[in-house]
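The values are calculated or read from the model by the stated rules, or taken from the named source; none is laboratory data. Being a predicted model, the structure only gives us computed values, none of them experimental. Cβ: placed from backbone, ideal geometry, glycine included. Neighbour counts: every protein chain shown.
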Amino acid sequence: MLKGKCVVLGVTGSIAAYKIANLASALVKLGADVNVIMTKNATNFINPITFETLTSNKCLVDTFDRDFKFNVEHVALAKRADIFMVAPASANVIGKMAHGIADDMLTTTILAAKCKKLVSPAMNTNMFTNPIVQDNLEILKKYGFEIIQPASGYLACGDTGAGKMPEPEVLLQYILREIAFDHDLEGKKVMITAGPTQEAIDPVRYISNHSTGKMGYAIARAAMLRGAEVTLVSGPVAIQPPMFVDVVNIKSAAEMAEAVKSRAGEMDIIIKSAAVADYRPATVAAEKIKKKDGEASSIELERTEDILSYLGANKKPGQFICGFSMETENMLENSKAKLKKKNVDMIVANNLRTAGAGFGTDTNVVTLITAEDAHELPIMSKDDVAQVILDEIVK
């Protein structure tokens, strides 16, 4: 995912410095060329050898280190960097960066870098909320730095409050958002629906399906990584939504219809991957329905609104609409008919009976159907399927 990308990590004197070893390791596993620069104070919290072992690159501390290969190291690294993250960022180094003070390898290199710069403050909560530190952070924002807001919690000093560095996985997501993929969806608004709906029978029971939302969530994350402004309309699922995505939680098909219809007009791309119930109980009991021995029971059903048909009938010029089709037989014929009937641009079809496809799996086997073509993909992860779907839409 990050092959060929140069990531520079600046580590300052904070107890959270040890956590950056996990971030460096994760970046290396994704193929990045990771270079770590430490302040002298940071070496009191974690040994540079740790980073050198994880990254296979020399960990830089001393500006005047003569062990370099024919380049002025801070300039050479600044030129190669695709992204520069300072984490943890102490109040001291934040102040230096804000005012152009370059008195060590970290501050010298970041001032010479033209790439995206991320800063993750980590310090005592009273230091973080100090107006001087806040003013310095505002100055960094003015000059194009992105500030990652610290988490709140119990701090190493014993205080509780804001100032805690986010976990390495969170920091990784900030880096991936910037450099994992080309931002070919920059400036586009994308809405994705995902998961099942629940149609109430009574206060206890409901009608639903086996959708887990994995496919829709993968598409939402992929679109975000490609620069889109993403809205995810989600039924009840048991997975965490991707970061940097606007999540609208719903339960019923009626709630999903309302959420989609109220936002559809401003969207450039709409991908309907949710498994929306086609039917719901005609009436919902106010109290739990009690069973009666020896008596059968039935539920009268009524149709839910066809959201995809509404979108096709009200499509604005230039808008791309993609639907999903889950079948158990005659997949190609049924999906082609759906494409035409619903007036949409693409249908992503799969067969529940195909091994590796369907609900709850981490893989999928899909066919991308447009008016001109039907292209069957091999079995692949849902993350990879999401990228191929977006490739087709961008095309």
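For (1) touching a residue at least 24 places away in the same chain (Cβ under 8 Å); (2) hydrophobic (A, V, I, L, M, F, W, C), each residue gets a yes or a no:
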| position | (1), (2) |
| --- | --- |
| 337 | no, yes |
| 343 | yes, no |
| 350 | yes, no |
| 358 | yes, no |
| 362 | yes, no |
| 370 | yes, no |
| 380 | no, yes |
| 384 | no, no |
Residue list for region 140-175, filter: closer than 21 Å to residue 113 by Cβ, β-branched (Val, Ile, Thr) and touching a residue at least 60 places away in the same chain (Cβ under 8 Å): 148, 175
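Quick one: is residue 158 farther than 30 Å from residue 326 by Cα and in a strand (DSSP E or B)? Quick ask: steps written out before the conclusion?
On the way: farther than 30 Å from residue 326 by Cα: yes; in a strand (DSSP E or B): no.
No; evaluated as a whole, the condition is false for this residue.
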Residue check, residue 13 in contact (Cβ under 8 Å) with a residue 40 or more places away in the chain and either within 24 Å of the chain's Cα centre (by Cα) or not in a strand (DSSP E or B) (or both): yes
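Within region 340-395, considering only strands (runs of 3 or more DSSP E) that don't extend past its boundaries, which have at least 2 residues that are within 12 Å of residue 324 (Cα to Cα) and assigned by TED's automatic domain parsing to the domain that holds residue 310? Give the derivation first.
Numbers: elements: 346-351, 367-369, 374-376.
Those strands (runs of 3 or more DSSP E) span 346-351, 367-369.
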Count of residues meeting criterion [crowded, with 19+ Cβ neighbours inside 10 Å and in a helix (DSSP H, G or I)] in region 137-151: 2
Matching residues, region 35-55, being under 29 Å from the mean Cα position of the chain (by Cα), buried (at least 24 other Cβ atoms within 10 Å of the Cβ) and free of Cβ contacts under 8 Å to residues at least 60 places away in the same chain: 36, 51
Residue match in region 251-273 (condition: surrounded by fewer than 12 Cβ atoms within 10 Å (Cβ to Cβ), more than 29 Å from residue 344 (Cα to Cα) and not charged (D, E, K, R)): no
Pair list, Cβ < 7 Å and 6+ apart or interchain, from region 305-320 residues that are not assigned by TED's automatic domain parsing to the domain that holds residue 223 and surrounded by fewer than 16 Cβ atoms within 10 Å (Cβ to Cβ) to residues that are at pLDDT below 95 and among the hydrophobic types (A, V, I, L, M, F, W, C): none
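Would you mind finding the one in 259, 277, 313, 282 that is more than 24 Å from the chain's Cα centre (by Cα) and more than 29 Å from residue 374 (Cα to Cα)?
Details: 259 fails: more than 24 Å from the chain's Cα centre (by Cα); 277 fails: more than 29 Å from residue 374 (Cα to Cα); 313 fails: more than 29 Å from residue 374 (Cα to Cα).
Every option except 282 fails the conditions.
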Residues of region 343-361 satisfying the condition of being in contact with a strand residue (DSSP E or B) (Cβ under 6 Å, 6 or more places away or on another chain) and modelled with pLDDT of 95 or more: 344, 345, 346, 347, 348, 349
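Please indicate, with yes or no, whether at least one residue in region 162-184 is closer than 18 Å to residue 348 by Cβ and crowded, with 19+ Cβ neighbours inside 10 Å. Let's see the steps before the verdict.
Let us first name the residues in region 162-184 that are closer than 18 Å to residue 348 by Cβ, namely none.
Checking region 162-184: not a single residue is closer than 18 Å to residue 348 by Cβ and crowded, with 19+ Cβ neighbours inside 10 Å.
Going through 97, 105 one at a time, which residue ends up being under 20 Å from residue 17 (Cβ atoms), modelled with pLDDT of 95 or more and touching a Ser or Thr at 6+ places or on another chain (Cβ under 9 Å)?
Working: 105 fails: modelled with pLDDT of 95 or more.
Step by step, each of 97, 105 is checked, and only 97 is under 20 Å from residue 17 (Cβ atoms), modelled with pLDDT of 95 or more and touching a Ser or Thr at 6+ places or on another chain (Cβ under 9 Å).
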